[in-house]
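The values are calculated or read from the model by the stated rules, or taken from the named source; none is laboratory data. What you see is a predicted model, and the numbers here were worked out from it, not measured in a lab. For neighbour counting, all protein chains shown are included, and Cβ atoms are generated from backbone atoms with ideal geometry for every residue, glycine included.
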Amino acid sequence: MTEADVPAVSAIRVTGWQAAYDGIVPRSFLDGMTVEADIQQRRRHFDSSKEGTTSTTNLVAVDTHGRVVGWACLGRSGGDGTGAAVGELYALYVQPSLVGTGIGRTLLDAVHAHARVRGFSLMLLWVLTDNTRARRFYERAGYTADGAVQADDYDGVSVPEVRYRCVL
């Protein structure tokens with residue numbers, strides 16, 4: 001990912017949230033998301049990783065015309081208590097009109113390759129409990145739910161998440 005990719009990544013992230021989490025996350029929260037606000041947030045994250053103050057890796061998928069059509073972000077996880085070198089997939093989004101075309105799987109394969117280079121032997125990720133499409137995607141890729149759960153608050157509504165893991 002380059003700095004020039006930030007607007008496209010933000011558009012994919014916002015539209016991805018609005019499409020994937022409709023009926024799961026409160027509509028008020030989804031309607032309040034803007035590409036402009038996300039661009040500012042992505043730029044701060046991008047600058048931090050460029051400066052070395054974070055150890056995240058941002059990857060993009062581009063189409064045959066060079067347009068960004070997907071984005072993934074990974075880094076070191078807080079761990080799983082085993083002492084293993086653990087990575088975490090923080091985000092993976094594909095342009096909503098292209099979901100199901102293989103772009104997400106290609107990005108996930110690239111995430112795994114980068115994770116191995118970084119020495120991670122295990123990858124973790126969190127997925128919204130009710131996001132059955134994403135859960136099936138990760139399960140087909142070899143991830144299994146490990147029993148850990150948490151919840152995030154969106155406009156006063158607690159939305160549960162489940163943790164998945166995959167041995168690399």
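Going by the conditions given, is Val60 at pLDDT 95 or above, under 20 Å from Gly100 (Cα atoms) and in contact with a strand residue (DSSP E or B) (Cβ under 9 Å, 6 or more places away or on another chain)? The answer is yes for Val60. I'd like the full set of residues that are more than 14 Å from Asp109 (Cα to Cα), assigned to a loop (DSSP other than H, G, I, E, B) and more than 15 Å from the chain's Cα centre (by Cα), limited to the range 130-168. Within the range 130-168, Asp130, Asp155, Gly156 meet the criteria.
Search the range 111-129 for residues being assigned to a loop (DSSP other than H, G, I, E, B) and out of contact with any Ser or Thr (no Cβ under 9 Å at 6 or more places or on another chain), and hand back the single one that is nearest to Asp22 (Cα to Cα). Looking at residues that are assigned to a loop (DSSP other than H, G, I, E, B) and out of contact with any Ser or Thr (no Cβ under 9 Å at 6 or more places or on another chain), I get Thr129. Consider the range 10-40 and keep the residues that are assigned to a loop (DSSP other than H, G, I, E, B) and in contact with a helix residue (DSSP H, G or I) (Cβ under 8 Å, 6 or more places away or on another chain). The one that is nearest to Asn131 (Cα to Cα) is Tyr21. Residues considered: Val6, Val35, Val60. Of these, the only one that is crowded, with 18+ Cβ neighbours inside 10 Å and out of contact with any Lys or Arg (no Cβ under 7 Å at 6 or more places or on another chain) is Val60.
Residues in the range 144-168 that are touching an Asp or Glu at 6+ places or on another chain (Cβ under 9 Å), touching a residue at least 60 places away in the same chain (Cβ under 8 Å) and under 18 Å from Trp17 (Cβ atoms): Val159 alone.
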